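Below is one structure, written out as structure tokens, with a few remarks after it.
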Amino acid sequence: GAKGGGGKKGKQNGQSSDRLQKAQRKTVKALAGRDPELSSTSVPQLLPGVDAGSVSNMINSESWKGGEIAFTRQRLAATFAFYDTDRSGYLEKEEIRQALQSAAFVITEENFDSLIASIDTDGDGKIAFEEFVNFYTDMEERKKWDSIRDEMEGKLPGTPSTMTIIGRVKAGVNVRNVNLNRLFQQFNGGGHPKAASATAKLENESEAEAVLHGLVDELIETSLDQQLRVGDFMQSPVLSAKPTMMEKQIEDLFIRYDVRALPVVDDNNEVIGLVSYKEVSAAKMRLINKQEKRLRQIEKAVADGRKLPEDRPLESAVKGWMKQKVQLAEAS
């Protein structure tokens, strides 16, 4: 038993590690994949001996003599400055989150925190330029090794794709707090609160399931958990019927209190059934049929000169025709 449990835990840790690696690859693609407009004011002087006024020409020139490493470093400096919106010289969490959202990449809060921790090597809660460069270099090396491994194993790389998400809900009590327009804004989508659409960028089609699951989880956490509880709109004190009540008594309760259904409770106030207007109508029809049959019997007895039939009560208690299989709901 212990061996099996360890295997399951190891599998879960492996899946978590895979998700984090995917999130890291997405971050590299979101941050370093953009080619911002470069200018002397947008690129910080992060490389010694480099004139900020000539950065744009240097990056666009294949003949730049700094070499591939310096070329990549200067390009990362431009990207770093582009996302450093408050010009603090660091990338804060919110700036990285905005970069991911603008690239329509989805990441859970847990994976996002793990991602930041993997980049923020000194643990000060913000990303310095050197940490950014080291992270990018590390991910590029991993990418090369993954490519070699996939080639050796005969695997084909995943094909980047997009997924169009269309949402529509029917307005009602259960979905009154659902706002699809706000939900889809993380993909740069939107629309109406009850009808919206978005397009998510995927590294491969296998990510579609995780994206949809994430949307459903977020929908539940942000919208459905805010729904009114039964106790918020139920009638209190609860009106109920006794199992010994007859058709006429139940109908009088329905008319007097303008209700369409009543729980049937015993002497201990335990719910033993439910009676709705449908059951009351059917019981009334049966009672009318019984009364008409009694009249025909009396008329026939009088015509034949026989003794009148015994005058027995025709009404029936609700316990004989109520719904007995009911499901109770907690007020909370």
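Scan the range 80-130 for residues that are of a type in the set (Phe, Trp, Tyr), part of a loop (DSSP other than H, G, I, E, B) and more than 20 Å from GLU140 (Cβ to Cβ) and jot them down.
TYR90
Which one of these does PRO263 not meet: (1) outside any loop (DSSP other than H, G, I, E, B); (2) more than 24 Å from LYS325 (Cα to Cα); (3) open to solvent by less than 50 Å² (accessible area, probe 1.4 Å); (4) not acidic (Asp, Glu)?
It is condition (2) that PRO263 fails.
Output the residues belonging to the range 83-107 that are open to solvent by less than 80 Å² (accessible area, probe 1.4 Å) and of a type in the set (S, T, N, Q).
If the condition is that a residue be open to solvent by less than 80 Å² (accessible area, probe 1.4 Å) and of a type in the set (S, T, N, Q), then SER88, GLN101, SER102 are the ones that fit.
Give the residue that is modelled with the lowest pLDDT, with candidates limited to residues of the range 56-72 that are open to solvent by 60 Å² or more (accessible area, probe 1.4 Å) and assigned to a helix (DSSP H, G or I).
The residue in question is ASN57.
Rundown of residues vs (1) surrounded by 11 or more Cβ atoms within 10 Å (Cβ to Cβ); (2) more than 48 Å from the chain's Cα centre (by Cα); (3) modelled with pLDDT under 85, yes/no style:
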position: SER240; (1), (2), (3): yes, no, no
position: PRO243; (1), (2), (3): yes, no, no
position: GLU251; (1), (2), (3): yes, no, no
position: TYR257; (1), (2), (3): no, no, no
position: ASN268; (1), (2), (3): no, no, no
position: TYR277; (1), (2), (3): yes, no, yes
position: ILE298; (1), (2), (3): yes, yes, no
position: ASP311; (1), (2), (3): no, yes, yes
position: GLY320; (1), (2), (3): no, no, no
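Mind listing whichever residues of the range 179-197 are under 18 Å from ALA99 (Cβ atoms) and either open to solvent by 70 Å² or more (accessible area, probe 1.4 Å) or outside any helix (DSSP H, G or I) (or both)?
GLN185, ASN188, GLY189
So which residues in the range 159-178 are of a type outside the set (A, V, I, L, M, F, W, C), open to solvent by 40 Å² or more (accessible area, probe 1.4 Å) and at pLDDT below 85, if there are any at all?
THR159, PRO160, LYS170, ASN174, ARG176, ASN177
Do you know which of the residues in the range 198-238 that are open to solvent by 80 Å² or more (accessible area, probe 1.4 Å) and of a type in the set (Asp, Glu) is modelled with the lowest pLDDT?
Ranking the candidates gives ASP225 first.
Taking LYS325 as the residue in question, decide whether it is under 60 Å from the mean Cα position of the chain (by Cα) and exposed (fewer than 10 other Cβ atoms within 10 Å of the Cβ).
The answer is yes for LYS325.
I need every pair where a residue in the range 132-143 that is under 13 Å from ARG75 (Cβ atoms) has its Cβ under 7 Å from the Cβ of a residue that is open to solvent by 50 Å² or more (accessible area, probe 1.4 Å) and in a helix (DSSP H, G or I), sequence separation at least 6 or different chains.
Listed pairs, sorted by first residue: VAL133/ARG73.
So, ILE127, is that one modelled with pLDDT of 70 or more and touching a helix residue (DSSP H, G or I) at 6+ places or on another chain (Cβ under 7 Å) or not?
When the stated conditions are applied, ILE127 passes them.
Please go through the range 287-308 and pick out each residue that is part of a helix (DSSP H, G or I), out of contact with any Ser or Thr (no Cβ under 9 Å at 6 or more places or on another chain) and of a type outside the set (Lys, Arg).
ILE288, ASN289, GLN291, GLU292, LEU295, GLN297, ILE298, GLU299, ALA301, VAL302, ALA303, ASP304, listed by residue number.
The values are calculated or read from the model by the stated rules, or taken from the named source; none is laboratory data. Not measured: the values here are computed from a predicted model. Note that we place each Cβ from the backbone using ideal geometry, even for glycine, and neighbour counts take in every protein chain shown. These accessible areas exclude ligands, DNA and RNA; they are computed on the full protein's heavy atoms, side chains included. Shrake-Rupley method; radii C 1.70, N 1.55, O 1.52, S 1.80 Å.
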